[in-house]
Structures are given as C-alpha cells and as structure tokens.
C-alpha cells in the first residue's frame, strides 16, 4: 500500500529555494517510497512570521487539494502552513517537526489553538518534550523525541585528503536590532528599562523559565503591548541577543587560530564588536548546497558548534553533519546534553564551558593530530546507523501506523503560487473611489526607492501588481 504525504516545508533562504537540510529531508521521503506532495510554506504566507496566508492565496483551494490527495498524513516543519480550517476540514493525522523551538502561527490565532487532537509533534531536544506538553496540553502523549539526521553517504562520496582549514564555523548572525530599539524606546522610563535588563538576565540564566511569571516579576508587561509582541517571540528576541553574544565571544577567542567563518551576509555587522572576527568572515563564499557544506567539513580539522541559546541541551543538525565528517566536533558543555543521552557519558566529543576553554581545546587538537583523528573515527562510527533522513521518515510513518513501501516514488512539486491562486479579481466599485485609491497609492508608492518597491511587490497579489504597473506611473 502506498503512503502519500502533503508536506509544508519552509526555507530561510532568500531565493526561496529549500536549504540543504530540507532538501535532504525531502530526499529522505523519496528514498522511503513516499508519494510526496511538496508545498514550500513561504509561497503561502507573506513572511514566516505572518499569522495568515497571502491575500492572493485561496485557503479553500489548499484544503480542496489536501482532501483530493487524501494523504496518509500532513507533514509540516515548525507548524508552517497549517490553518484552523485545515485542522477543521481535513481528517488525516498531522505531524509537525519542530526544527526550531518557536512554531509559526499561520493559523491566525494564539498558542492555545495551535494544535488539535490529530496532531503529533517531533522535537529534536529531549527536554523539549515535557515543555511542549505543558504549553500545549492537547498534545499530551503525542510529543516524540527524535534527533536530527545527516546524510552519511554524502561524506563518503566527497573525500578530501587535504585538510587545509584549521577551524570552521557555519551559522547565523542572529538579528538583535529589535531588542536594541526596545531599550532605546524606554530610555526615559527607568523602571521598564531596568526591568528589561533583569528579564534578559533571567533568560540568559535559564531559557526554559516561566516567561509569563518573569514578565510580571520584572514589570515589563507594557513592552508586549507597546510593540504588539507575542510573549514567546519576546523571549525569542532576547534569546537571539544572548546567542549572538555567545557566538561573537567564542569565535573571537579562536579567530587567530585559522578560523574560517561562513554564514548569513549580516555577519559584516560584527565589525562593531570584533575586527579580528570580521576578517575571518568569508563574505563572498556562502554555503548554500549540501556539496559545499560537505566539502567544507571534509577540509576542516575542527568544526565548532555554538548553538542558539534556546537549544539548551538539545543538538542542532550541525552536530550530526560534523560527526559524520573528517572534522573534529567541539561543542559547548551541558550537564544534561543529548549527546550523553544518545551516546553515553564516555562519548568522544570534546566540550567547552567558556571561550577560553574553547580556545584551549582547539589549540590542543590542532597540535595533536593523531588524537584528533582517533576522536573523529569514533564520532563517525557513532552516527553510522540510525541517524539518516530515511530513518527519520520511517519514524514519521511509524507514528501514524503506516508502513513504507520499497518502491521509489518521485516527489510532486506543488506550485502554490499558481495552483492556489485566488480567481476573484480586485474590483474598484466606482470611478470616484478608483481616483481616490490611485491618489493614495501614488503618494505611498512613488516616494519609495526601487529596492523597497521590489520587496513589497513580492508580497502583493498578482492582480494588484498588474494594477500598480498600469495606473501608478
């Protein structure tokens, strides 16, 4: 019996294409013979932080498509693309893989209505199981811990005899600007300003604190109202600041040991904090494809993991890629790290508790090649079984009580922007109103620089874009 899945998978890539990890996940579905109907979540919503579909997307058509396919289950990353009506008007199980800690709220409501009785949630952090069941009581007994995956074959097929990179790191320069704006806004309000400092310290000490209680204790309730912030997004933006601080301090400590830094273009902002680290940033060598990532790790002697603060003791997918490669993984220490849970207390990965300790470990293993290689071999062996994308997809299928066929079935790439396009045109009811709309739009549109127009146009319905081109000169 065939297994069909309608999958809503998101991307953070600027070009709208799936990143290398999500592409490997899709291949995992294919390798299990799953009939995959792939929808890029970004095509449905104005942006991933939105609470509803684009005006140009017909929710009716999305629901009709799902019911026509009649899938074994819906699959979504971070809860992307799932609306209240999808929960109400479809009948199959829904599996959400929380690849980040904070879900998307595309259903248009709050966290209390985010899930339903048909939901199953996968988290790749063991501690997060209890947390999710506490926040979403409806999920009790249906939250599962499954670690991230890697593609072992990609590392065996791309072998590098030359390891000419001492240390590599691939990661995001987290956006911290909103917290800065909030602090600036309350510079004439000491009680709120110092309350923000207190709550940032609490979150830095313990990400899994009761955020509602902390907001009350620190007296910063008005911040949520003044900036229209969801309480979990508020915690997340402070966690971004904590994470950025940690990354900058740790990476700067090894910046003179041959570090090569890859990541988002906004790493150039690190010039404000560390010129040595800026000089390590490979501004014109963006790691986009799986082949580029594998090649980098195969050429690296050491690859560092500095997780986002919200990951806590959990393991990002970077961990498993590095463990499968020629590079020695060095990661931060947590007493209850999932590395110990998966591989035992004597697992071979070196761990640091401070920037200085990271520097000491890197220096030691760069000067002791045989010891480095021995640890790499042990790590390779640990992830050789049970950590493939095919293993994870089988886990998903098992959860809903299905069995994967042995026959390969290619994916069906759904062009959401065409298939789910609304058919109703935008109608202006009278000549008088039409002239008013034209005047208003000219005043708003014409002063905008061309790059801003392009960014805004991306989120507009096709019919409105055509109307603008015709009438707004």
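The values are calculated or read from the model by the stated rules, or taken from the named source; none is laboratory data. Everything numeric in this text was worked out from a predicted model, so none of it was measured. Cβ: placed from backbone, ideal geometry, glycine included. Neighbour counts: every protein chain shown.
State the number of residues belonging to the stretch 350-368 that are part of a helix (DSSP H, G or I) and either touching a residue at least 12 places away in the same chain (Cβ under 8 Å) or over 17 Å from residue 165 (Cα atoms) (or both).
Result for the stretch 350-368: 11.
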What's the number of the condition residue 204 fails, among (1) assigned by TED's automatic domain parsing to the domain that holds residue 362; (2) over 20 Å from the mean Cα position of the chain (by Cα); (3) touching a residue at least 60 places away in the same chain (Cβ under 8 Å)?
(1)
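Please pick out the residue among 406, 371 that is part of a helix (DSSP H, G or I) and surrounded by fewer than 18 Cβ atoms within 10 Å (Cβ to Cβ).
371
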Please go through (1) more than 30 Å from residue 341 (Cα to Cα); (2) without any contact (Cβ under 8 Å) to a residue 60 or more places away in the chain; (3) in contact with a helix residue (DSSP H, G or I) (Cβ under 9 Å, 6 or more places away or on another chain); (4) assigned to a loop (DSSP other than H, G, I, E, B) for residue 87 and return the number of the only condition it doesn't satisfy.
(4)
Based on this model, can you work out whether residue 50 counts as closer than 24 Å to residue 237 by Cβ and part of a loop (DSSP other than H, G, I, E, B)?
yes
Unmet requirement for residue 205, which otherwise passes all of (1) surrounded by fewer than 15 Cβ atoms within 10 Å (Cβ to Cβ); (2) out of contact with any helix residue (DSSP H, G or I) (no Cβ under 8 Å at 6 or more places or on another chain); (3) under 26 Å from residue 301 (Cβ atoms):
(3)
Answer with yes or no whether residue 397 is touching a residue at least 24 places away in the same chain (Cβ under 8 Å), over 26 Å from residue 4 (Cβ atoms) and under 25 Å from the mean Cα position of the chain (by Cα).
no
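Listed here are the residues, each with its yes/no results for (1) farther than 30 Å from residue 284 by Cα; (2) touching a strand residue (DSSP E or B) at 6+ places or on another chain (Cβ under 9 Å); (3) outside the structural domain of residue 286 (by TED's automatic domain parsing); (4) surrounded by 21 or more Cβ atoms within 10 Å (Cβ to Cβ).
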residue	(1), (2), (3), (4)
229	yes, no, yes, no
232	yes, no, yes, no
251	no, yes, no, yes
256	no, no, no, no
Residue ID - nearest to residue 220 (Cα to Cα), chosen from residues in the stretch 160-181 that are touching a helix residue (DSSP H, G or I) at 6+ places or on another chain (Cβ under 6 Å) and in a helix (DSSP H, G or I)
179
Can residue 289 be described as under 16 Å from residue 151 (Cβ atoms), in contact with a helix residue (DSSP H, G or I) (Cβ under 7 Å, 6 or more places away or on another chain) and assigned by TED's automatic domain parsing to the domain that holds residue 243?
yes
Residue list for the stretch 90-124, restricted to those being part of a loop (DSSP other than H, G, I, E, B), closer than 16 Å to residue 135 by Cβ and touching a strand residue (DSSP E or B) at 6+ places or on another chain (Cβ under 8 Å):
103, 115, 116
Quick check: is even one residue across the stretch 232-254 under 21 Å from residue 353 (Cβ atoms), in a loop (DSSP other than H, G, I, E, B) and at pLDDT 95 or above?
yes
The lone condition residue 376 fails out of (1) in the same structural domain as residue 166 (by TED's automatic domain parsing); (2) surrounded by fewer than 20 Cβ atoms within 10 Å (Cβ to Cβ); (3) not in a loop (DSSP other than H, G, I, E, B) is (2)
Starting from residues that are more than 16 Å from residue 327 (Cα to Cα) and part of a strand (DSSP E or B), keep the ones in the stretch 258-303 and report whichever is modelled with the highest pLDDT.
281
Residue check for residue 266: without any contact (Cβ under 8 Å) to a residue 12 or more places away in the chain and within 24 Å of the chain's Cα centre (by Cα):
no
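Considering each residue of the stretch 62-84, count those that are in a helix (DSSP H, G or I) and either buried (at least 20 other Cβ atoms within 10 Å of the Cβ) or out of contact with any helix residue (DSSP H, G or I) (no Cβ under 6 Å at 6 or more places or on another chain) (or both), and give that number.
First, pick out the residues of the stretch 62-84 that are in a helix (DSSP H, G or I): 62-69, 84.
Now restrict to residues that are either buried (at least 20 other Cβ atoms within 10 Å of the Cβ) or out of contact with any helix residue (DSSP H, G or I) (no Cβ under 6 Å at 6 or more places or on another chain) (or both): 62, 64-69, 84.
Count: 8.
In this structure, does residue 157 turn out to be touching a helix residue (DSSP H, G or I) at 6+ places or on another chain (Cβ under 9 Å), surrounded by fewer than 20 Cβ atoms within 10 Å (Cβ to Cβ) and not assigned by TED's automatic domain parsing to the domain that holds residue 80?
Considered against the rule, which asks whether it is touching a helix residue (DSSP H, G or I) at 6+ places or on another chain (Cβ under 9 Å), surrounded by fewer than 20 Cβ atoms within 10 Å (Cβ to Cβ) and not assigned by TED's automatic domain parsing to the domain that holds residue 80, residue 157 comes out as yes.
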So which of 335, 252 ends up being more than 19 Å from the chain's Cα centre (by Cα) and either closer than 11 Å to residue 168 by Cα or touching a residue at least 60 places away in the same chain (Cβ under 8 Å) (or both)?
252
